[in-house]
Structures are given as structure tokens and as C-alpha cells.
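Enquirer: The structure is given below, and queries will be raised subsequently.
The values are calculated or read from the model by the stated rules, or taken from the named source; none is laboratory data. Keep in mind that this is a model prediction, so the values were computed, not measured. When we count neighbours, we look across all protein chains shown, and the Cβ atoms used for this are built from the backbone with ideal geometry, even at glycine.
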Amino acid sequence: MSVYYEKFTRHARGEGIKGATTHYCPGCGHGLAHNYLAETIEALDIQDRTVLISPVGCSVFMYYYMDVGNTQAAHGRAPAVAIGHKVANPDAVVICYQGDGDLASIGLAEIIQTAQLGLPITVIFVNNGTYAMTGGQLAPTTPMGMATATSPDGRDRLMGEPLKVAEMIAQMDGPIYVERVALFDNKQRNRAKKAIRKAIRLQTEKRGFAFVEVLSECPTHLRMSSDEAQEWIKEKMLPIFPLGVKKDLVVEPWFDMDLPNFDPQALVDQLGTAEEELPRFSDHFPAHIDTDDISVKMAGAGGDGAQTAAMLLTRAAINESFDATHIPSYGPQSRGGTSYADVHIARTEVLSPAAPDPHILIAFNSPSLMKFAPAVRPGGIVIYDSSVITEVPELDSNVQCFGVPMTEIARSLGNIMVKNIVALGALQSVTELFPPGTFLTAIRSALSEKCALIPLNEAAFEKGRQFLEALTH
Amino acid sequence: MPKLKERPKPVITPELCKGCGRCIDACPKHCFTMGEMINPLSGLIPAKVDLNACNGCGLCFDACPEPYALERWIEDALAVELEMAEVKPAAENAPPVIPTTRKPLPTAQPLILKGTYASAVGALLAGCRHFFGYPITPSTEGAELMAKLLPDLDGVFVQAVSEVATVNMIYGCGGAGRPAMTFTSSPGFSLMLEGISYMIGAEVPGVFVNIMRGGPGLGNIAPEQSDIKLACRGLGHGNTHAIALAPSSPQEMLDLTMLAFELSFKYRNPVVVLGDGYLGQITGKVNLPETMVAPGIPRWAVYGDAQHRDNLICSIMLSEEALEAHNTYLNRKYRAMIEHEQRAETYYCDDADVLLIAANTPARMAKGAVESLRRQGVRAGLFRPITLWPFPIDLLTPLLEDVQEIVVVEASNGQLEDELRLALSKAHVIDLPLIENVRHFGGILPQQDEIVEKVLNYRVWAS
Ligand code: SF4
């Protein structure tokens, strides 16, 4: 069979008879499953495209034998590795070959996900009822009552019932074809061959996920001759693991995946970058507030728009070619309770991005004002929503404090959501951080995809400014 | 059905037959019997076959588990044009490398992005179109942006069943030669370590962006630098190392994620990008590079086509000699990384007698502290490792001459300081300055003021 390497050079460097024999024990079912796989690959003419994933278990060295692309996976993870291969090259025929410890114990999560995902991947699951490679311990598929190295008195209720994997896979929506086959006589072997052939053909036809469970003899750990082992499968395994097709859906070919797009224009379009610079309005750093670095805290309840206002201020500053950062509070606090944002605007580079003692505080609710206003540094400014805040804490006499009925103004404009924009208007007026145009440009560009909202936001900004102007002049 | 003389009949190659006897059961004509003689080459007793009764049914071939133990003998072979599909040998010569190219990027205005987004954009610019991940705060936004952008770039986003599955998907995809990545955070990174060890053993590239949070256990989701020890010393079992990059701004999140892919393929090794939760969230200005990467398919990949059929991705080395040789080879790779990939930023280091050492966001706080200390007449400087592994010791030692005090500023229990001390020790720096620290490890970051205070207090004490 030519899908096997001519010489197994990976098997003990191919020296002596190892170059032409497998590492399996006499009579082991793995060899048969390998043969059927090799025949199928040859018959379907997919040798070049095949990627075979070897598991951990007795079949760990499958890559010694099959002349196809080979990847060896960590214990139980072959189906996850298979997903990686399949999406890396949708034309590859990806075959996962796994034993019962690998698939039905340590790798349960991976097989379930891969089966349910339903990509055209083929899994050959060899069930011999034991952990063979590690010396015959209890497997998830060991029959009740059977003694193993880790169930010396036989499997009992405390070890749970054997897991019927084919049935489990078949009841999921992802797979299109699931069959359990055996190897113990000519008829079963013929069926096994056909099932493996079909499971791989379905993949080449881009139809979906296919799964074949093979009841396989491990004469070594059964301590039997191979004909006794065949009998044992018939007598002990069949009653638990009935043979046959568990699922067979007729599905049109659907799997169609393009190769990745590396067109620079497509990427830039996706990122939504602007080609043109936004207009600038300011010709100097607002050094009247501080020489090199100004910090602003905006705080309120979730939904007050503190984060949006902070983001707009950050964008405004960056558009004026200063450095700026915005860091939101996050974590459990951000789910209800106070949401606050720290903004820094720096002449050249923001160093510490946090604002524990800000120059400016905008507070949208009472708890935020109580919490953060006392930390505002001397000479600083506090702006709060006087529609909802009635009590102002005792502040440093050097801190200027302005109440602006943000909610009321926003409501009078028909949408209380814009109270944060009212706040930005007030901020502009009282601090003259940047000219109004800087803020309005940032607002307009943020709303470039919701143009209808621009007039409302412009009005809110203007109202905030006017209110403060009336107050201060 | 072909004529009798044209049907293949079994001939046993005695030294390749293990004598399991499956053919004896399978043959309806009882052609096979168990032999009596031990074969000297195999030490096993092969079966025997007598073809007198054989009608060429072929059932024995399906019952023999060995690939080469039963030859197919055709009496009238010449009359049969065997309709066996011609199986092509794998391409004789080394596969043509589909080269990686750089393409100019249309000029664009800077973006204003949060750290995780900037990292995702860096990955896209590096040619990553395959993302695998499991949602975990505070790294999810990076994954969310990938989920949004990848479909339109004909890329693939797979939300894995766990971090364990994630790393193995990266193993498969990276093994196929594609740049693949994930975003995760500390507990998720712990789960990926096993797979990272396999990737290193099998030489599979892939990028892990870990937005670190508070631990141990579930800890909290506030910023920490809790996984420096994992990235530098604990990448799963065995002889493992990977380059660990530590950005400190959204711009660097983009730049270093791009670099991570480049290094990952250069060395055929995973690369870890460590950010803290703060850095993941922080929004700032990000300039795009002038070019982007269109990755090829490397020679060694198991891509699933004719050119790559001979390849194997595997971390098994059964013989002790082979494994030692492999580890020696890996060590050479690690040495090359140590020699060529140390990176650091220095800030007022030339005349410093107090050197702050910090990475990620704490380095920004430390930079602020340097400014403040300089204003107060203290000759402070900042040494910011950009590679945490390899620790940039070659860049640090020349600066140490006048340094009287080092203050390691970190949001962890001393993991950065451990790396520093180990690097100093390996570099045989005997005359150590005093090493002090400012540490937090619960989600609070060291603040500028406490760093300044630490330095000033020491000054008072020392004088
Ligand atoms: S131990 Fe069992 S399963 Fe493993 S190779 Fe031997 S017979 Fe096969």
C-alpha cells in the first residue's frame, strides 16, 4: 500500500525490520484501521492534501507510517489541532485519529466542540476499552465488571458506566455522519472499510463532520490471542456498544472558505482610518491650567455618558496634536455603581495616565461628587450636574465649583442622553482648554455615521457653554 | 470480478509477520496456519500460507494489521494493468517557499485606540488572519475586535471551548504555517502553558497577548503584572523559553504585537506579549506603520498540499540522545534570542545615580517620578525592559557604574525584581547597588508620588 512510507524511517530510524513493520502488538486492531485509512486516502487521491493528526495513546506514532502531512497532538487535543489545520487551509483533508482515553476522557471538551462546530473534519475513534499505552488502566469505555490495572476488582458503579461516544456524538447537531463499526470478522472489517471511506469522502465533498468509532482488539491487555480478543469484542463490547449507523444526514456541500485577504486597502478600510487630517483650532497648549500635563476626571453612574465625554475630550486633544490618554474605570464597579474616566492631556507625552488628584472634575451624580471632589487639586475646577446634585461637599477654597443643570438642559433639548455633551460645553467655557471648534469637530467626527444626531449634540454643547457664560460673566 | 489468475494472492514476508493469526480466522478456504518456527529477525512465529485452495478473495488482506507482511502476488501480473491510482511521491526537492512580503500601507491618519484594540490591529498588520480564543476579562475587547474585523478580511475567528483548546488550535494553525494568535488573561494563560510547551518542542510559532490581572486563583480583574514569572520561567514543562514583550502604551501594543509575529516566525517559537489590565483599557494615539505583512507559507509547515507533504510537526523525541540533541538545538535558539533580541528604553539613565526599573504601565508612573525627582534635583533615571525575557541585561550593565540605588517598580510580588536579580547574577555583576522596590499586587498600580517618596526617603536616610 503506497500511502505508507516505503520505509518507516521514523520507526527506530528504519533499521532492520522496523523499517517495514509497525510498533503495534500482534493482532492489534490499530493496524487494520490504519490500512483502511491508507486505502481510502489512495482511492480518493487525496494523499497530498491529507493532514493526519496523531494522538497520544498506542497510535501516537502514526506519523511513522503514513506518507501524508503529519502533526502529532497533545493528549486529547487532536480535534482542536484539527480545527487549526482546517481553517489554516480549507483544502486540506484533516483526519483526527484518536483512542478512547484520548478522545473519551481527557479530550471530551475538544471532541464535543469540534463535532458541534461541524467543519468537514473526519475523526476515527478507536475504542478498545482500555488505556493500552500506559499499561491497561480503566478507560471511559471499559465494560462494567472488567478488571484493569486501576480497577483490580472490576469496574463498579463508583467508576461510572462506560461512555457510549458514537451515540453521544450522533445526538449533536453538528455531525452529519456517525457510525460504529468493528473488526472481528470479515463482514465487520468490510463495513469498517466502507465507513472510513465514507467519512473521508464526505469531507472531500465539503459536506461536514464525520465520526467513525471502531471497536478494536487489544489482545495484549486482554491477555488473549487475537481470535479470543475478537470473540471478546463480540461478547463483551457489542452489548454496550451496538454497531451501526447512528446518524447519516444528506447535506449539500457547503464548506467554502476563502483564503485570507492581505490587501492593504481592504485592511485600512476595515480600520476606518481617515485620509484627511481634521481641522485644528488651537495654536497652543492650555498652559493656563498647567504647564505640561492636565488631568480630568469624569464620573457618574453607568449610562451618564462619562466615558463618551472622556473619549471625546481625548480625541479633541489628539486632533490638536497633543498626547492624550483615556482610561476608564472597569471591573465590578463598571457594572452599576460609579463609572469614572481619567483623561490626561500632555504637551508631549502622558506619563502617569491615572488622575488621582485631577485638575478638573466633572460629576454627573452625587456619589461621584462626594467621592472625587475632595481630591481635586488646589486651583482646580469642579463642574457638576445641579439637576440631580443638591448638596456640595466642603472643598478647598482654591477650588472653583460650578453647578450646571445638565439633565434639565438635555431634557429641554428632547434627549437626556446629551447631558454629557452639555457638560463638555460647560467645560469648554469655564476652562478654555481648547476653542469650541476643537470639541465640535471631535463630536462631529465621532458621529460621522449617525449624522442625524449632530445638530442635537451641537445644540447641547452650545447650551452648556451659554449657561456657564451667563453664570461667569 | 477479475479472472482467478488476475486476482492478488497473499505471500507472507516471514520477518514482517507478527503471527497474530487474524488471517487464519479470515480465510474461508483455510489457507493459513500458524507456523512453528521462530523467525530469527523478528523473534516472533509467523503464520504460513498454502495457496492451493486460494481463490483470491482478498479477505486476508483486510485482516492483516501489518502494512507489509502480506505481499499481493498476481500469477498473471502482466495481463493485469493494475488500476491502482498512481501515488505521487512527495515533491523531491525542498518545497518552494511562498515568501512573506511587505506591502505599503496607504497613508492614513493616526488612530485613537485602546490598548487591546491596538494590539489586534497590530496582529492584522502582521498578517494574522486566524484568531482563536476564550473570553476572559480584561482581554476580551481585543478578541471582540478580531471577531468583528476578521470575516471581512477572509480571516477566521474561532471561539474555543477553553484556553486548553485555544492553544491547541493555534498549534494546528501555526503548524500549518499561518500566523495565529489569542488574547487572554492570567488564569487563561495558566491553562495555555501546557500547549505552549508543545509548541516550543515542535517549533510552532504563535502569539499570545496576555492582559495580566490580579491573582492567585480567580484573584480579581484589576491590573497586575502577575505572570512575569510564567512568561519568563514557567512556560509549561521541559526546557522552554519564549520572547516576552512588555509594551507600555497603545502605540507599543500595536508595534510590539507586530514584532511578536515577526520574531515568532523568525525563531519558530511562540512569543508572549504581556500587558497589564490598565494598558489593555487605556486609549491613546496610535500611528500606523508604513507597511503591512502578507505572510507566505514556510517551508517546514504541514499545510496540507503536495509541497509540504513530507513535513511533520511533533515534539516527541523517543531516544535520549535525540531529545538531548533537540534540547541542545533549542538552547542554541534561546542563546540567539538572548544575543539578538534584548530590548529596553532608557530615560535619563546616563548620569543617573538612582535607577528606576519598571515595565508596562508602572513604567509610565516611574517616568513621571523621574521627571518629578529631576525637578527636585535628584539624578533619577528609568530603565524600562521591553523584553522581559530575554532580560535586557546587556543594555543595563553599562549604566550601573554610578548607580547607588535601584528601585524596581512593579505591580507584582517581585517577579520583575527576580528577573533582574537572576540576570545580574548570570552576568556576574558582583558589586550590586542597593535594590529597593515599590510593589503593589492586588490590582493597585504603583503611583508616581509613592515612587518619589521612596527615593527621597532613602536619600534622607543615606545622608
Ligand atoms: S497494547 Fe493493545 S492497543 Fe496497544 S499496540 Fe498493543 S494490542 Fe494494540
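Enquirer: Taking the condition of being more than 49 Å from the chain's Cα centre (by Cα), more than 23 Å from A:G16 (Cβ to Cβ) and not in a strand (DSSP E or B), how many residues in region B:19-35 meet it?
Expert: Final tally of qualifying residues: 7.
Enquirer: Restricting attention to region A:364-385, which residues are at pLDDT 95 or above and aromatic (F, W, Y)?
Expert: A:F364, A:Y384
Enquirer: Identify, please: which residue in region A:223-240 is in contact with a helix residue (DSSP H, G or I) (Cβ under 8 Å, 6 or more places away or on another chain) and crowded, with 22+ Cβ neighbours inside 10 Å and is, among those, modelled with the lowest pLDDT?
Expert: A:S226
Enquirer: List the residue pairs whose Cβ atoms are under 8 Å apart, where the first residue sits in region B:65-78 and is away from chain A (no Cβ under 14 Å) and closer than 26 Å to A:L183 by Cα, the second is at pLDDT 95 or above and part of a loop (DSSP other than H, G, I, E, B), and the two are 6 or more positions apart or on different chains.
Expert: none
Enquirer: Now, a different point. Are there any pairs, at least 6 apart or on different chains, whose C-beta atoms fall under 6 Å, with the first in region A:208-225 and on the phi > 0 side of the Ramachandran plot and away from chain B (no Cβ under 12 Å) and the second within 11 Å of the ligand (Cβ to nearest atom) and in a loop (DSSP other than H, G, I, E, B), and if so, which?
Expert: Final answer for the pair search is none.
Enquirer: State yes or no: is A:V51 crowded, with 24+ Cβ neighbours inside 10 Å, within 11 Å of chain B (Cβ to nearest Cβ), in contact (Cβ under 8 Å) with a residue 12 or more places away in the chain and closer than 26 Å to A:L259 by Cβ?
Expert: Judged against the criteria, A:V51 is a match.
Enquirer: Quick one: in region A:58-77, of everything that is in contact with a helix residue (DSSP H, G or I) (Cβ under 8 Å, 6 or more places away or on another chain) and in contact (Cβ under 8 Å) with a residue 40 or more places away in the chain, which residue is farthest from A:D100 (Cα to Cα)?
Expert: My answer is A:V68.
Enquirer: Is it true that some residue in region A:197-210 is under 30 Å from B:A147 (Cβ atoms), assigned to a strand (DSSP E or B) and either more than 16 Å from the ligand (Cβ to nearest atom) or modelled with pLDDT of 95 or more (or both)?
Expert: Checking region A:197-210: at least one residue is under 30 Å from B:A147 (Cβ atoms), assigned to a strand (DSSP E or B) and either more than 16 Å from the ligand (Cβ to nearest atom) or modelled with pLDDT of 95 or more (or both).
Enquirer: So how many residues does region A:122-138 have that are hydrophobic (A, V, I, L, M, F, W, C), more than 9 Å from the ligand (Cβ to nearest atom) and modelled with pLDDT of 95 or more?
Expert: Residues in region A:122-138 being hydrophobic (A, V, I, L, M, F, W, C), more than 9 Å from the ligand (Cβ to nearest atom) and modelled with pLDDT of 95 or more: 3 in total.
Enquirer: Looking at A:T9, A:T40, which is the one that is more than 24 Å from A:N89 (Cα to Cα) and either out of contact with any Leu (no Cβ under 6 Å at 6 or more places or on another chain) or more than 16 Å from the ligand (Cβ to nearest atom) (or both)?
Expert: Matching residue, one of A:T9, A:T40: A:T9.
Enquirer: Determine, yes or no, whether A:A229 is within 16 Å of the ligand (Cβ to nearest atom) and in contact with a Gly (Cβ under 7 Å, 6 or more places away or on another chain).
Expert: Criteria met by A:A229.
Enquirer: Given (1) modelled with pLDDT under 95; (2) within 16 Å of the ligand (Cβ to nearest atom), where does A:G16 come up short, assuming only one miss?
Expert: With respect to (1) modelled with pLDDT under 95; (2) within 16 Å of the ligand (Cβ to nearest atom), A:G16 is out only on (2).
Enquirer: Report, by residue number, each residue of region B:291-333 that is of a type in the set (K, R) and outside any loop (DSSP other than H, G, I, E, B).
Expert: Within region B:291-333, B:R332, B:K333 meet the criteria.
Enquirer: Going through B:F189, B:F183, B:F208 one at a time, which residue ends up being in a helix (DSSP H, G or I) and either closer than 24 Å to A:N70 by Cβ or of a type outside the set (S, T, N, Q) (or both)?
Expert: Result of the check over B:F189, B:F183, B:F208: B:F189.
Enquirer: Next question, about the same structure. Tell me, which helices (runs of 4 or more DSSP H) lie completely within region A:393-473 with 1 or more residues that are acidic (D, E)?
Expert: Helices (runs of 4 or more DSSP H) meeting the threshold: A:406-412, A:454-472.
Enquirer: Further question on the same structure: Can you tell me which residue within region B:281-316, out of those that are among the β-branched types (V, I, T) and within 24 Å of the chain's Cα centre (by Cα), is nearest to B:L263 (Cα to Cα)?
Expert: Only one residue tops the list, namely B:V293.
Enquirer: Just for region A:73-114: of the residues that are more than 11 Å from chain B (Cβ to nearest Cβ) and among the aliphatic types (A, V, I, L, M), which one is surrounded by the fewest Cβ atoms within 10 Å (Cβ to Cβ)?
Expert: Looking at the filtered set, the residue picked out is A:A104.
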